[in-house]
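The values are calculated or read from the model by the stated rules, or taken from the named source; none is laboratory data. From a predicted model like this one, the values you see are computed outputs, not experimental measurements. Please note: Cβ atoms are built from the backbone with ideal geometry, for glycine as well, and neighbour counts cover all protein chains shown.
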Amino acid sequence: MSGSVTIRKPEGPPGGRITLPPAKSLANRALVLASLAGDPSTMANGGTADDVRILRQLLVERPRRMHCGDGGTTFRFLLAWACVQQGEEHLITGNARLLQRPHGPLVDALRVLGADISETAEGLIVHGRKMKGGSIVLHSPESSQFISALLLVAPCFTQGLELHWTGMRLSEPYVRMTMVLLGKFGAQAREQGQAVHVAPGALRAVPYQVPADWSAASFWYQLAALAPEASVHLVGLEADGLQGDEAVTGLLSAHVAARAVAGGMELRHVQQVRASRFSANLMHTPDLFQPLAFTMAALGREAHFTGLHNLPLKETDRLRAVADALRHLGCTAVYHAGDFHLLGPITNHRPAPFDTFGDHRMAMALAPLALVCDQITLLDPGVVGKSYPGYWDALADAGFIVDRT
């Protein structure tokens, strides 16, 4: 952890033209598929987010020791990728928190399908081989990334893959995203009931333009919800249904008017007179929890969230981290299992510096609270590099006073 950033609200209405980063969830899938097709350079605009930059470098250089930093997607996708690199040995590793996160169900599934993986204190050693594939069942996996990792390499299996996804289907839109990307790179993938089928066959290296990131856009929706007279133009953002976090438009429609315009999406603040209780099931879009929770607290709305079962397993325990931050701000916050309940408004307008706990989304969701507090100070501002390296500069461009030390 190093340094801090202090954010103060703009002197006038915030907004302007904001260029979002490319969607790292799509970029990482495209990188793996392009590599399996023989040419990772076909994806030209993946951006500079740490998760994408690290994955691209590892796929191009193919070192024996593949250090994934804090990237869960990077780790899990590379693990599956390494399993089908015939004759190669790779150590898949990362920072301590990443190695503590759950990967066991993915390892077990890959082994059943023919992978050679051994566990060490440093990480996972993979001996690439021709994998047979076949049929497998994953019941209520903690992460949809397990499903996506298997699907991405399934065309390389001699028997293809028949994957049955039973029980709780967390973050399901990300699996559908994987299916769409498979099709773009020439794979035959279809969904039938609870099963996903991927046929064996060669992938095609095709040019792929990564669209703007709806997960990053959610923090600008948060800003528009909290700032009267806010007007934000999100350059290149398209409502095409491919990214699950597009759901933020509907979830915040009472506070933000979103309109598709030439070259992007325009957001304007909506003034609400009555603030009723807010409820949302985020089982399919858990990354929206932090911006939504802090928005509702700042607006003084009681809020109840469900479907948050895998948030304790992220970069930090996001349920605990958000609850602690809200209590620090003078709000009430309680949670149990996958449910979270909060009651605003924010009453502590001069909070002490917040620990971001190595979580990029924690930092970006807390920053807009400068609109209702005297200032917000965050430790370790560089953490946003994981998904949105230009976030602090973008806030300054939108009118905020941003001081980094």
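Per the listing 185, 219, the residue uniquely in the same structural domain as residue 286 (by TED's automatic domain parsing), at pLDDT 95 or above, under 24 Å from the mean Cα position of the chain (by Cα) and surrounded by 15 or more Cβ atoms within 10 Å (Cβ to Cβ) is 219.
Restricting attention to the range 348-364 and to residues that are under 12 Å from residue 7 (Cβ atoms) and of a type in the set (A, V, I, L, M, F, W, C), the residue that is surrounded by the most Cβ atoms within 10 Å (Cβ to Cβ) turns out to be 363.
Evaluate the following for residue 357: is it within 22 Å of residue 387 (Cβ to Cβ), of a type in the set (Phe, Trp, Tyr) and either in the same structural domain as residue 102 (by TED's automatic domain parsing) or in a loop (DSSP other than H, G, I, E, B) (or both)? Yes.
For the range 285-317, a tally of residues being touching a Gly at 6+ places or on another chain (Cβ under 8 Å), among the β-branched types (Val, Ile, Thr) and either closer than 14 Å to residue 143 by Cβ or not in a strand (DSSP E or B) (or both) returns 2.
Exactly one residue out of 205, 225, 217, 212 is out of contact with any Asp or Glu (no Cβ under 8 Å at 6 or more places or on another chain) and among the hydrophobic types (A, V, I, L, M, F, W, C), and it is 225. For the range 103-127, a residue qualifies if it is among the β-branched types (Val, Ile, Thr) and either surrounded by 23 or more Cβ atoms within 10 Å (Cβ to Cβ) or closer than 25 Å to residue 203 by Cα (or both), and the qualifying residues are 107, 112, 117, 126. Taken as a whole, the range 277-284 holds no residue that is assigned to a helix (DSSP H, G or I), at pLDDT 95 or above and surrounded by fewer than 24 Cβ atoms within 10 Å (Cβ to Cβ).
In the range 74-102, the residue that is surrounded by the fewest Cβ atoms within 10 Å (Cβ to Cβ) out of those that are touching a strand residue (DSSP E or B) at 6+ places or on another chain (Cβ under 9 Å) and more than 22 Å from residue 155 (Cβ to Cβ) is 89.
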